[in-house]
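See below for the structure under consideration.
The values are calculated or read from the model by the stated rules, or taken from the named source; none is laboratory data. Computed from a predicted model, the values in this text were never measured in an experiment. All Cβ positions, glycine included, derive from the backbone under ideal geometry; neighbour counts span all protein chains shown.
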Amino acid sequence: MKVEIVSVVPASREATWALVMDIPRAASCIPGIKDITPDGENRYQATLQARVGPMGMSLSGTITVLSQDADAGEAHFLVEANDRRVGGGVKTNMTMKVTAKSPNETELEIVADTTFMGRLGELGQPIIRRKARNTLEEFSKNLSKLLASGSE
């Protein structure tokens, strides 16, 4: 399932890029993220608590920075997580791209291609698609708030 969102954040391209590539700070903008700790170079352990429809889950897994190109303003990530209790997991290939719109505004484009496995894959696609889109939109809003607060 592929979800794409584009938003404009109130900060320079450089500040936006710096925040996006500060994985623990950027991940703190994801609703439900609990713990994020470094696990080697370009790899982080994380836990996400979320509800999808009637099902509450706690996904534990890794965020890996596959590539980053500061000049192009583009980074690729792999997110893999499982919930043993629910018996399912997710694997997401994600691209983030930042493009300057003005000195103080940056377009943030996020493309996430997610595969749901196990019981998570059995949930209705419309429910999962809505939850994935809402999560990315909330992430973008929270990132904007963090950038607007000037705490780059």
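The figures follow:
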{"item": "Cβ pairs under 7 Å, 6+ apart, first in the stretch 6-30 and farther than 22 Å from G40 by Cβ and modelled with pLDDT of 95 or more, second among the hydrophobic types (A, V, I, L, M, F, W, C) and in a loop (DSSP other than H, G, I, E, B)", "result": "W17/A70"}
{"item": "Tally of residues being within 10 Å of T16 (Cβ to Cβ) and among the charged types (D, E, K, R) across the stretch 82-112", "result": "2"}
{"item": "Residue within the stretch 115-126 that is in a strand (DSSP E or B), among the aliphatic types (A, V, I, L, M) and either modelled with pLDDT under 90 or out of contact with any Phe, Trp or Tyr (no Cβ under 6 Å at 6 or more places or on another chain) (or both) present", "result": "yes"}
{"item": "Unmet criterion (only one of (1) acidic (D, E); (2) at pLDDT 95 or above; (3) assigned to a strand (DSSP E or B)) for D71", "result": "(3)"}
{"item": "Filter result (modelled with pLDDT of 90 or more, closer than 15 Å to M57 by Cβ and of a type in the set (A, V, I, L, M, F, W, C)) within the stretch 74-114", "result": "V79, A81"}
{"item": "The stretch 21-36, residues that are outside any loop (DSSP other than H, G, I, E, B) and in contact with a helix residue (DSSP H, G or I) (Cβ under 8 Å, 6 or more places away or on another chain)", "result": "R25, A26, I33, I36"}
{"item": "Search result, residues across the stretch 80-92 that are more than 19 Å from I36 (Cβ to Cβ) and in a strand (DSSP E or B)", "result": "G88"}
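Let's see how each residue does on (1) in contact with a Gly (Cβ under 7 Å, 6 or more places away or on another chain); (2) surrounded by fewer than 16 Cβ atoms within 10 Å (Cβ to Cβ); (3) over 20 Å from Q49 (Cβ atoms); (4) free of Cβ contacts under 8 Å to residues at least 40 places away in the same chain:
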{"position": "T64", "(1), (2), (3), (4)": "no, no, yes, yes"}
{"position": "D71", "(1), (2), (3), (4)": "no, yes, yes, yes"}
{"position": "L78", "(1), (2), (3), (4)": "no, yes, yes, yes"}
{"position": "N82", "(1), (2), (3), (4)": "yes, no, no, yes"}
{"position": "G88", "(1), (2), (3), (4)": "yes, no, no, yes"}
{"position": "M94", "(1), (2), (3), (4)": "no, no, no, yes"}
{"position": "A100", "(1), (2), (3), (4)": "no, yes, yes, no"}
{"position": "N104", "(1), (2), (3), (4)": "no, yes, yes, no"}
